[in-house]
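The values are calculated or read from the model by the stated rules, or taken from the named source; none is laboratory data. Just so we're clear, the structure is a prediction, and the values are computed from it rather than from any experiment. Here the Cβ is made from the backbone with ideal geometry for all residues, glycine too, and neighbour counts use every protein chain on show. Remember, those area values only see protein heavy atoms, side chains included, never the ligands or the DNA or RNA. Shrake-Rupley method; radii C 1.70, N 1.55, O 1.52, S 1.80 Å.
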Amino acid sequence: MTARTTPVQGRPEPVAEGAARAAAVGLTGDEYARVVSLLGRAPNDVELGLFGGLWSEHCSYKSSRRHLGALPKDGPGVVAGPGENAGVVRLSPRVSLALRIESHNHPSAVEPYQGAATGVGGIIRDVASSGARPVALLDGLRFGPPSHARALGHFRGVVAGVGGYGNCIGVPTVGGETEFEPGFAENPLVNVMCLGYLPAGRRVRPVLGAPGSAVLLLGAPTGRDGVHGASLLASRGLVPEDDQRPAVQVGDPFHGKRLLEASLALVEAGVLLGLTDLGAAGLASALAEAAARQGVGVDVWLERVPLREAGLTPYEILLSETQERMLCAVRLDDVARARAVARREGVEAAEIGRVTETGRLRAFFREAVVADVPVAALTEAAPVYDRPARDEGRGRAADGPLPPAGAAGAARAGGREVPSDADLTGRLRAFLSSPWLASRRPVYRTYDFEVQTNTVVPPGRDAAVLRVRGEADGVALALAGESRYGRLDPRYGGLWAFAQALRSLACLGARPLAAVDCLNFASPERPEVMGSFRAAVAGLAEAARALKTPVVGGNVSFYNETDGRPIPPTPVVGAVGRVPEVAAARARLLPESLSGWEVWLLGAQAASLAASAFQFFSGGVPHGALPPFDLALERRVAILVRQAVRQGRAVATDVGKGGLAPALFRLTGAAREAAGADCDLPLGAAGEGCHDALTALFGEGPSRVLVATDEPGARWLARAASRLRVPLLRLGRLSAGDAFRIRVRGPHGRVVAFVDAPRSELARAWEGGLEGGDGAVA
């Protein structure tokens, strides 16, 4: 086809008109002036739409880019890092792992089912476009309390969307977290991580190849859904009276499955020069970013794009975010073969463009030039801001002093007291059945977590474990988010999220290989939000360096707020690790019985109720002194736990949300046969340990792991802990009976508080928490 290449004509325009046009695509007046300066003329409407999409916060990272360089991205085995389709790290000489994490927060707030479903579909395509077969999903979900009607609607819709797409496309959801906290009632968080396997020598990049290569569009016909999704939905706060549903994409997992198989078949056929998903800003972003990576140009003929309905404008075709689409580049003499490979999988491949030497993105429609802009202007020339930042950390610094001894067993919570309740058994029962701690089985049972038959350890433990066919070693995956501590100290929140993800891997005997992060914050135009963001990134970077784990990818989601009401700072970290001899891991990690085994607390003795789940559960607002964070101790604890679990000497669980009493309850259920418990918690002397019963039972702190071990294992544990300089405290023993007893002992061993209940009674409360109340999934 011969296209008329008449240059796009600019035109002078009044300043007010330019500002109005800029606002319509999410640009500021200054950004519009920058566009005019780069082009030497006013852009036409299609070109302005390109800049609105590519320069949006969602696509350009213009407020976060200068800070993300602090995260370490290199390490042993890293094949691909940030900026690629997915991070890639080597598992063995034969197999590599591809991992990526993304958010779909804004669409899920507007239309929960489709927002979550398309988030799952998008992350699967991202991993597939790296040449990997997606094998597992983890989802990090945060909602307001289920007693809040809108939050309950978000919860039910999102969980159904995650399950609906993942189950249909055949990728198991094997783990993650589902949290209910104040601050997310209007803006839920939907973060999804995907893991894929690929041959170690394979690498597929999001590029277009050399000039003269053909550009193919694979997958679903293009519709109007998702136009302005990047520029106007995901790059500004929500306004309740706005109807933003047209900006939310609609997913089709069955078409997604065909596209997945077609993409991998093309990879196997060896015809691809590059492959990338069509996500935010649709075809415009995919073309521009792929061209920019090689410094080439691209011509695209929009009338060749298959359409779902007649009448789409060039603007809509370029910026549509219709799902289940991929862009690939092949040599001209491979076009027919590529189309035949795709067609065998039930997918059409339309030749829509050609790679050029011009360095420009030129779009044609029925022989007319509708856009002609330098690729670099859309990508490298995007603004990068150093936003004003104000320190909002109201708690002490992460390396500050220990909190003072508790007075009369109470922790003040923003003007309210967390009471030292005589009925600690009843409080534990109520805490376990609350949305804070209740069993998430009603959530994960809606997901098919065994499809592909790789799942060794299913949801419900600290991390999931998968086999890799043909390999002796397996893979552990964990996801950890933090939205409570960041309200007091955002840096501490970053430290906690990263350390907890790796601690979860250690509890399954896995050595960390790599991590990805998803950073969820409110408007970066607020100095207090930008201050929190910078502090959280600093905490993540500090933890990643100390724990020697590279960050190979990530996502930043800003503007999570409604009518100016922000979410709390929420960094989320996903991590993968190697599990040796995975065939034997199931017996080690899921033993028949733990009856008679001893219970030990490894690591830090200090804990606090500040910003703890128990403080929120008791009606307080976050307040108080956070315990110190010793990253060197965190690393030593992980080494000790990992060795003990790998050698089959112990079963472990992180003492995280809820504190020690809930962790002990979880430990009693870690075997196929539930156990009872008989333990003693000593209150600490000045400067160490916990100082009141509530803190001892429900206080939280870093670097704490609870393990069960037999007597020979206990002797080994004592020797290893001494060698590694890890504090160790024997708490008691698991039993064959149903009794669950914890005695809190004060000076001279006197019992000052206790918990005493049938374990089966606590289990019923825990298991029915989400099923029997307002938060029921069914």
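Quick look at the numbers
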read-out: Residue among GLY201, GLY226 that is crowded, with 24+ Cβ neighbours inside 10 Å and at pLDDT below 95; value: GLY226
read-out: Inter-residue pairs, beta-carbon under 6 Å, first on the phi > 0 side of the Ramachandran plot and in segment 25-38, second outside any loop (DSSP other than H, G, I, E, B), 6+ apart; value: GLY26/GLY52; GLY26/SER231; GLY26/LEU232
read-out: Scope segment 508-550; condition among the acidic types (Asp, Glu) and in contact with a strand residue (DSSP E or B) (Cβ under 6 Å, 6 or more places away or on another chain); matching residues; value: ASP517
read-out: Cross-chain or 6+ apart pairs with Cβ under 6 Å, segment 638-652 first and farther than 12 Å from ALA463 by Cβ and in contact (Cβ under 8 Å) with a residue 60 or more places away in the chain, then open to solvent by less than 40 Å² (accessible area, probe 1.4 Å) and among the aromatic types (Phe, Trp, Tyr); value: ARG649/TRP716
read-out: Matching option when the condition is open to solvent by less than 10 Å² (accessible area, probe 1.4 Å) and within 23 Å of ALA721 (Cβ to Cβ), among LEU547, LEU594; value: LEU594
read-out: Options SER760, SER722; residue that is under 16 Å from PHE665 (Cα atoms) and surrounded by fewer than 18 Cβ atoms within 10 Å (Cβ to Cβ); value: SER760
read-out: Enumeration of residues in segment 321-374 that are touching a Lys or Arg at 6+ places or on another chain (Cβ under 6 Å) and of a type in the set (Ser, Thr, Tyr); value: none
read-out: Top-ranked residue in segment 363-394 [being open to solvent by less than 60 Å² (accessible area, probe 1.4 Å) and among the acidic types (Asp, Glu); ranked as nearest to GLY624 (Cα to Cα)]; value: GLU392
read-out: Single condition PHE616 does not satisfy, out of (1) part of a helix (DSSP H, G or I); (2) surrounded by fewer than 24 Cβ atoms within 10 Å (Cβ to Cβ); (3) out of contact with any strand residue (DSSP E or B) (no Cβ under 9 Å at 6 or more places or on another chain); value: (3)
read-out: Residue check, ARG467 farther than 27 Å from VAL641 by Cβ, over 18 Å from the mean Cα position of the chain (by Cα) and either open to solvent by 10 Å² or more (accessible area, probe 1.4 Å) or among the hydroxyl-bearing types (Ser, Thr, Tyr) (or both); value: no
read-out: Number of the exception - ARG578 against (1) closer than 27 Å to ARG90 by Cα; (2) part of a helix (DSSP H, G or I); (3) of a type in the set (Lys, Arg); value: (2)
read-out: Odd one out for GLU102 among (1) surrounded by fewer than 24 Cβ atoms within 10 Å (Cβ to Cβ); (2) more than 15 Å from the chain's Cα centre (by Cα); value: (2)
read-out: Residue tally, condition outside any strand (DSSP E or B) and open to solvent by less than 10 Å² (accessible area, probe 1.4 Å), over segment 177-186; value: 2
read-out: Close pairs (7 angstrom Cβ cut-off, 6 or more residues apart or separate chains): touching a residue at least 60 places away in the same chain (Cβ under 8 Å) in segment 512-537, among the β-branched types (Val, Ile, Thr) and in a loop (DSSP other than H, G, I, E, B) anywhere; value: PRO512/THR549; ALA514/THR549; ALA515/THR549; ASN520/ILE567; ALA522/ILE567
read-out: Residue in segment 268-285 that is without any contact (Cβ under 8 Å) to a residue 24 or more places away in the chain, under 14 Å from ALA329 (Cβ atoms) and over 25 Å from the mean Cα position of the chain (by Cα) present; value: yes
read-out: Criterion violated by LEU283 - all others in (1) touching a Gly at 6+ places or on another chain (Cβ under 9 Å); (2) modelled with pLDDT of 95 or more; (3) part of a helix (DSSP H, G or I); (4) open to solvent by less than 10 Å² (accessible area, probe 1.4 Å) satisfied; value: (1)
read-out: Checking SER231 against (1) in a helix (DSSP H, G or I); (2) modelled with pLDDT of 90 or more, the condition it does not meet; value: (2)
read-out: Residue that is among the hydrophobic types (A, V, I, L, M, F, W, C) and assigned to a helix (DSSP H, G or I), where the choices are ALA611, ALA587, ALA625; value: ALA587
read-out: Single residue of ALA661, ALA708, ALA674, ALA644 found to be over 26 Å from the mean Cα position of the chain (by Cα), aliphatic (A, V, I, L, M) and open to solvent by 10 Å² or more (accessible area, probe 1.4 Å); value: ALA674
read-out: Only listed residue being under 25 Å from the mean Cα position of the chain (by Cα) and open to solvent by 20 Å² or more (accessible area, probe 1.4 Å), chosen from ARG649, ARG565, ARG636, ARG588; value: ARG565
read-out: Residue that is modelled with the highest pLDDT, among those in segment 132-182 that are over 16 Å from PRO253 (Cβ atoms) and hydroxyl-bearing (Ser, Thr, Tyr); value: THR178
read-out: Positions within segment 677-695 being of a type in the set (Gly, Ala, Ser) and either without any contact (Cβ under 8 Å) to a residue 60 or more places away in the chain or open to solvent by less than 10 Å² (accessible area, probe 1.4 Å) (or both), in sequence order; value: ALA677, ALA685
